[in-house]
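Written below as structure tokens is the structure these notes are about.
The values are calculated or read from the model by the stated rules, or taken from the named source; none is laboratory data. Quick caveat, the model's predicted, so the values are computed rather than measured. Reconstructed Cβ throughout: ideal geometry from the backbone, glycine too, with neighbour counts over all protein chains shown. Note: areas computed on protein heavy atoms with side chains; ligands, DNA, RNA excluded. Shrake-Rupley method; radii C 1.70, N 1.55, O 1.52, S 1.80 Å.
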Amino acid sequence: MKLIEIVALIDDDNTYIYLSKRMLNQIDHIKKIEVFGNGLDGLNYLKSNSNNPKLLPEIIFLDLSMPIMDGWQFLEEFIKLDSDNLKKITIYICSSSISPHDINRAMSISAVSDYIIKPLSKEDFIKLLEQY
């Protein structure tokens, strides 16, 4: 498995964040985990660091249902950003929604690599990170 400098969790569920961070921290190939409680905070971080690839996450685990800016709005704005550094980020949707409409909509967005239904196990995270 390749060393991953930064993984970002964009999610407002504190329990999910706590459990995900615990599992990700047990995987030796991740140096740092950034957490954002809504899409706007995550987007602002990406915008302000778009010229510094060392501060950008290589992988984003994105929730769809959040306050302030949800995952759909995040993706809409993310796609508009014009930075080669941001185009290298792998985005996984992590949602509790099993709606075929949500899954199809997510997979129709070129920036989305996959749609994963919560909760994720440590093995799920490892499988995704090995694909990266």
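Answer yes or no: is there a residue in the stretch 53-72 that is acidic (Asp, Glu), over 19 Å from Phe125 (Cα atoms), surrounded by fewer than 17 Cβ atoms within 10 Å (Cβ to Cβ) and at pLDDT 95 or above.
No, the stretch 53-72 contains no residue that is acidic (Asp, Glu), over 19 Å from Phe125 (Cα atoms), surrounded by fewer than 17 Cβ atoms within 10 Å (Cβ to Cβ) and at pLDDT 95 or above.
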So which of Asp28, Asp11, Asp41 ends up being within 15 Å of the chain's Cα centre (by Cα) and over 20 Å from Ile116 (Cα atoms)?
-> Asp41
Check Ser96, Ser113, Ser83 and return the single one that is small (Gly, Ala, Ser) and open to solvent by 70 Å² or more (accessible area, probe 1.4 Å).
-> Ser96
Please identify the pairs in which a residue from the stretch 80-96 that is without any contact (Cβ under 8 Å) to a residue 60 or more places away in the chain has its Cβ atom under 6 Å from the Cβ atom of a residue that is of a type in the set (A, V, I, L, M, F, W, C) and in a loop (DSSP other than H, G, I, E, B), counting only partners at least 6 apart or on another chain.
-> Asn85/Leu56; Ile91/Ala111; Ser95/Leu64
Of Asn104, Asn44, the only residue that is at pLDDT 95 or above, open to solvent by 60 Å² or more (accessible area, probe 1.4 Å), in a helix (DSSP H, G or I) and under 23 Å from Ile4 (Cα atoms) is Asn44
Ile27, sole failed condition from (1) in a loop (DSSP other than H, G, I, E, B); (2) touching a helix residue (DSSP H, G or I) at 6+ places or on another chain (Cβ under 9 Å); (3) farther than 19 Å from Lys127 by Cβ = (3)
Return the residue satisfying two criteria in turn: it lies in the stretch 120-132 and is outside any helix (DSSP H, G or I) and in contact with a strand residue (DSSP E or B) (Cβ under 9 Å, 6 or more places away or on another chain), and of such residues it is most open to solvent (accessible area, probe 1.4 Å).
-> Tyr132
Determine which single condition Gly39 fails, assuming it passes every other condition in (1) closer than 18 Å to Glu5 by Cα; (2) among the small types (Gly, Ala, Ser); (3) surrounded by 21 or more Cβ atoms within 10 Å (Cβ to Cβ).
-> (1)
Taking the stretch 1-24 as the search range and keeping residues that are part of a loop (DSSP other than H, G, I, E, B) and in contact (Cβ under 8 Å) with a residue 60 or more places away in the chain, which one is least open to solvent (accessible area, probe 1.4 Å)?
-> Asp11
